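The values are calculated or read from the model by the stated rules, or taken from the named source; none is laboratory data. For clarity, every value in this text was computed on a predicted model and none was experimentally measured. Virtual Cβ from ideal backbone geometry, glycine too; neighbours counted across all protein chains shown. Keep in mind that these areas ignore ligands, DNA and RNA; they rest on the heavy atoms of the full protein, side chains included. Shrake-Rupley method; radii C 1.70, N 1.55, O 1.52, S 1.80 Å.
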Amino acid sequence: MQKLNFDQGWEFSEATGFQAILDRSAWRPVNLPHDAMIGKPRSATNPGGAHVGYFPGGVANYRKKFVAPEAWQGQHVLLEFEGVYMNAEIAVNNRFIYFHPYGYTSFIVDITPYLLYGKENTLSVLANNTAQPNSRWYTGTGIYRHVWLRIGDAVHIQPWGVFVTTPVVDPELSVVQVNTELAGVDGRKPVLVRSTILDKSGAVVARSETTTRYAVVQQTLFVKGAKLWSVEEPSLYTLLSETLVDGEVVDTETTTFGIRSIQVDAEQGLRLNGKPMKLKGGCVHHDHGPLGAASFDRAEERKVELLKSAGYNAIRCAHNPPAPALLDACDRLGMLVIDETFDAWTLSKTPNDYHLYFNDWWRRDTESMVKRDRNHPSVILWSIGNEILEAFGSPVGAELAQRQADFVRSLDNTRPVTSGIMPYFLEFVESGDPGAFFKLPPPPEDPGRDLWGNLTAEFARPLDVVGYNYMPQRYAVDQHRFPGRIIVGTESWGYRSYFFWTETARLPHVIGDFLWIAIDYIGEAGFGAFTTDGSPSMGAAYPYHLYGCGDFDICGVKRPQSHYRELLWGVRTEPFIAVLPPELFGKNIAFNPWAWDPVLDTWTFPGQEGKPTRVDVYSIDDEVELRINGQRVGRRPAGAATENKASFEVVYQPGTIEAIGYKNGRETGRCTLETTSAPAALQLAADRTTIKADVGEIIYVDVTVRDREGRLVKHCEPEITVTVNGAGELLAIGTGNPLSEEPYVGDRRKAYRGHLLAVVRSNGQPGEIILTAQSEGLPRTQVSLAAIK
């Protein structure tokens with residue numbers, strides 16, 4: 001079917017009922033994607049509370065007027081919504097036609113019978129996110145992903161109806177299997193289905209033609225000299241599917257795919273194209289920091305780029321199907337994916353979550369995810385849920401796990417099925433020491449006393465790969481307790497990364513590890529916070545609105561723990577210096593294991609001269625030496641003997657601090673930090689300088705505070721004003737400060753640790769875009785960008 005972007009020319013209002021009908025001033029123009037929640041004021045009294053970062057819920061009302069040409073008569077006209085949060089009500093010409101409760105699955109609506117041809121039509125979408133809380137994290141509100149208009153002949157290929165598999169993967173000769181689902185085939189008139197495979201240059205590499213009178217066509221094609229898709233070389237092909245009636249092409253569909261194989265077993269672990277590998281993974285939520293939930297293609301791509309640059313080769317979509325653009329980016333850049341359906345089944349985690357809809361909708365929502373995403377070579381595992389409460393000894397839970405796993409396999413039997421299972425917390429509560437969970441106690445030697453193992457055995461039985469959340473102490477034991485079980489660490493603690501990863505690396509039946517969380521996010525406020533009273537934070541009060549940890553902050557700024565992980569994964573070899581701010585030294589610092597030490601990669605602490613502090617050096621070397629202003633402070637063991645961390649107690653002195661790594665007595669690398677001077681300038685760095693003149697195109701501009709030598713100044717937080725002129729607009733502005741009460745929609749904000757992020761959107765017209773940043777006492781600076789046709 002012809003697929004047209006339908007993002008432009010909408011109107012938006014928070015009014016409903018008669019006000020929405022009668023008050024024209026209640027409506028304002030808007031282009032999609034759009035998150036109506038991110039611009040609202042946060043408050044401690046908002047009913048979603050810490051779950052959604054203290055943002056309010058509400059109603060988002062949209063309408064779009066368009067003319068349905070006379071030429072559309074006799075054709076099928078469909079709308080594809082990639083994601084509407086939530087309880088979407090669709091109406092055409094004031095006639096309600098469809099309801100979709102789940103905010104994360106794509107859905108298709110046939111509007112053919114409701115159109116007025118040759119006349120203006122009104123499409124209305126109401127997103128109702130008033131019942132709070134309905135999630136454990138920030139959701140956004142409204143039409144936050146793309147909308148597409150699909151137009152097809154009476155005979156057409158069903159949306160998501162093309163399924164490409166590669167049963168034989170060999171560089172010399174690969175076999176590609178294509179299943180095509182047709183609509184409008186009546187069994188009488190023959191239809192020709194032509195499938196053509198094109199390489200990246202557009203050259204034809206294989207073709208098959210089949211004449212049919214049936215709704216499903218299976219074809220086999222052979223690709224000689226195939227370029228296999230892998231993490232290192234993500235080679236892609238395009239399948240062009242055509243349907244012909246009486247020799248005339250009546251419908252076309254293009255599908256991007258990769259030729260690759262996946263194998264998993266307990267003896268050899270995971271193999272991609274026959275090569276063993278471990279998943280170096282991170283869990284990510286769907287929000288984009290200052291943009292909220294608005295899913296711009298560049299935002300999805302940038303998320304993958306950040307993780308790829310830090311050594312990640314896998315993403316777990318937590319805990320819902322992602323935007324298609326994220327998977328497209330994973331396909332292009334070489335990132336593996338666990339694609340997940342739900343965070344709850346029939347038992348709730350928050351009062352208004354998916355448990356209200358599960359029984360009626362799980363099959364439709366699962367089908368949506370699998371059929372939409374099954375051609376992505378990046379997707380290697382289907383997950384039917386995260387930390388499902390029914391997993392513990394419930395016959396209903398075991399039955400539902402079996403039904404869902406079987407249903408997924410009926411749609412796609414080429415990928416393993418998993419589910420992330422959490423520890424049995426009640427076990428620790430009943431022991432009188434709830435905190436014992438964080439100590440990773442080994443399971444009982446007597447299998448009969450193994451509560452977790454016995455309670456979850458039936459739930460885990462239908463899974464091809466069993467997801468373990470925070471249980472590396474079980475990996476080796478369960479190799480024998482559950483022979484043949486394949487494990488993936490679906491969630492792990494950042495602060496215990498060394499143990500999680502070393503267990504993963506040494507055990508073949510454990511195929512990977514996924515950090516919680518790879519990129520910080522809005523909501524579950526304060527789980528990553530630290531305290532100075534000795535009690536770990538399990539959430540924080542307003543104004544703390546971010547989770548508060550992760551390898552990257554919500555603006556993409558890299559944190560010290562990411563460098564630690566790079567050393568662990570072999571991505572980095574030289575040491576890294578992380579400094580505890582002197583004002584925190586001697587305090588009773590506490591944090592939960594999801595978090596990290598409150599250290600910074602800076603050697604600038606004005607007013608703290610002569611005060612003691614602690615310096616951590618992350619290193620895989622045998623030893624590290626620390627020097628301050630050229631004077632040796634000490635030399636300590638590092639590497640495996642210290643879990644890649646050597647600590648030194650020092651006195652802060654402005655100047656230079658240097659860590660030198662030694663292996664077998666020889667220097668291997670150095671890391672140096674210098675004390676910076678006062679702010680002298682703002683520096684602008686755009687992630688790209690040219691974009692298409694399209695309202696869906698955005699540019700990220702990192703605004704940093706620099707001293708006179710051009711070094712990043714982290715100790716000052718000046719207020720910065722950002723303006724955009726020309727063929728663009730300022731869409732969002734933000735920092736990684738979890739305590740800031742400043743809005744993400746506006747033109748000014750205080751820098752945080754030397755950084756501020758501005759996001760610029762094309763206004764759809766070609767021309768120059770000028771972004772200007774200024775702060776009191778600093779020279780104004782500009783960057784010139786361009787939007788082209």
Under 18 Å by backbone N from the virtual spin label 7 Å along Cα-to-Cβ at ALA590, the residues of region 501-532 are 526-532
With the dipole of region 435-555 worked out from charges on the C-beta (+1 for Lys and Arg, -1 for Asp and Glu) around the Cα centre, which of LEU515, LEU440, ASN454 lies farthest toward the positive end? ASN454
About the Cα centre of region 168-226, what is the dipole size in debye to 20, counting +1 per Lys and Arg Cβ and -1 per Asp and Glu Cβ, all else neutral? 260 debye
Segment THR723-ASP360, length gained on full extension (0.36 nm per residue, minus Cα span): 125.8 nm
Students often get this wrong, so check it: of LYS200/LYS227; LYS278/LYS308; LYS224/LYS275; LYS308/LYS558, which have C-alpha atoms separated by over 18 Å? LYS224/LYS275
Pairs of Cα atoms under 8 Å, at least six residues apart: use those to get the relative contact order of the chain, whole percent. 9 percent
At 4 °C and 1.567 mPa s, grab the translational diffusion coefficient of the chain from Stokes-Einstein with a Kirkwood Rh over Cα pairs, rounded to a whole number in µm² per second. 46 µm²/s
Region 638-789: radius of gyration and largest Cα-Cα distance (Dmax), Å: 20.0, 61
Packing-based ranking, highest mean first, of 142-151, 573-582, 678-687 given that Cβ atoms within 10 Å are counted: 142-151, 573-582, 678-687
Give the calculated FRET efficiency between ASP533 and SER647 to the nearest 0.05, with a Förster radius of 22 Å applied to their Cβ-Cβ distance. 0.50
Provide the per-residue ³J(HN,Hα) series for region 48-58, in order, calculated from phi with Karplus coefficients 6.51, -1.76, 1.60 and θ = phi - 60°, each as a whole number of Hz, with x at glycine and proline positions. x, x, 4, 3, 9, x, 6, 7, x, x, x
Identify all aspartates and glutamates with a Cα-Cα distance to LYS439 below 19 Å; exclude those on the same chain that are fewer than 8 residues away in sequence. GLU427, GLU430, ASP450, ASP478, GLU491, GLU503, ASP513, ASP597, GLU643
For the pair THR689/GLU741, report the inter-label distance in nm, with labels modelled 7 Å from Cα in the Cβ direction. 4.1 nm
Those lysines that a straight Cα-Cα span of less than 23 Å connects to LYS789, excepting residues fewer than 8 apart in one chain: LYS3, LYS692
Which FRET efficiency value, to the nearest 0.05, do you get for THR45 and GLN263 by plugging their Cβ-Cβ distance into 1/(1 + (r/R0)^6) with R0 = 45 Å? 0.25
Taking the highest mean first, how do the peptides 94-106, 726-738 order by number of other beta carbon atoms within 10 angstrom per residue? 726-738, 94-106
Quick check on packing: order 71-77, 421-427 by the mean number of other C-beta atoms within 10 Å, highest mean leading. 421-427, 71-77
Inverse mean reciprocal Cα-Cα distance (Kirkwood Rh) of region 166-316, Å: 18.3 Å
Within the set of other residues whose C-beta is less than 15 Å from the C-beta of SER762, count the net charge using Lys and Arg as +1 and Asp and Glu as -1. -2
Dipole moment magnitude, nearest 20 debye, region 554-596 about Cα centre, only Lys, Arg, Asp, Glu C-beta charged: 100 debye
For the chain, take the longest principal axis of its alpha carbons; what is the angle in degrees between that and the long axis of helix 451-460, to the nearest 10 within 0 to 90? 30 degrees
Carbon-plus-sulfur fraction of the accessible area of region 411-555, 1.4 Å probe, in percent? 56 percent
Say each of LYS65 and PHE96 gets a label point 7 Å from the Cα, pointing the same way as Cα to Cβ; how far apart are those two points in nm? 2.5 nm
Report the extension gain between SER677 and ASN664 in nm, rounded to one decimal, defined as 0.36 nm multiplied by the number of residues separating them, less their alpha carbon distance. 0.9 nm
What FRET efficiency comes out for ASP186 versus GLU120 if R0 is 30 angstrom and r is the Cβ-Cβ distance? Round to the nearest 0.05. 0.35
Quick one: go through region 228-255 and flag any residue whose amide nitrogen is under 13 Å from the point 7 Å out along the Cα-to-Cβ line of LYS200. 228-238
Quick one: length gained pulling ALA505 to LEU4 fully straight, 0.36 nm per residue minus the C-alpha distance? 175.8 nm
Which aspartates and glutamates have a Cα lying under 13 Å from the Cα of LYS189, excluding residues fewer than 8 positions away in the same chain? ASP246
Just grab the label-to-label distance for VAL168 and VAL249, each label 7 Å out from Cα along the Cβ direction, in nm (one decimal). 2.9 nm
Total charge dipole magnitude, region 89-152, about the Cα centre, Cβ charges on Lys, Arg, Asp, Glu only, Debye to nearest 20: 120 debye
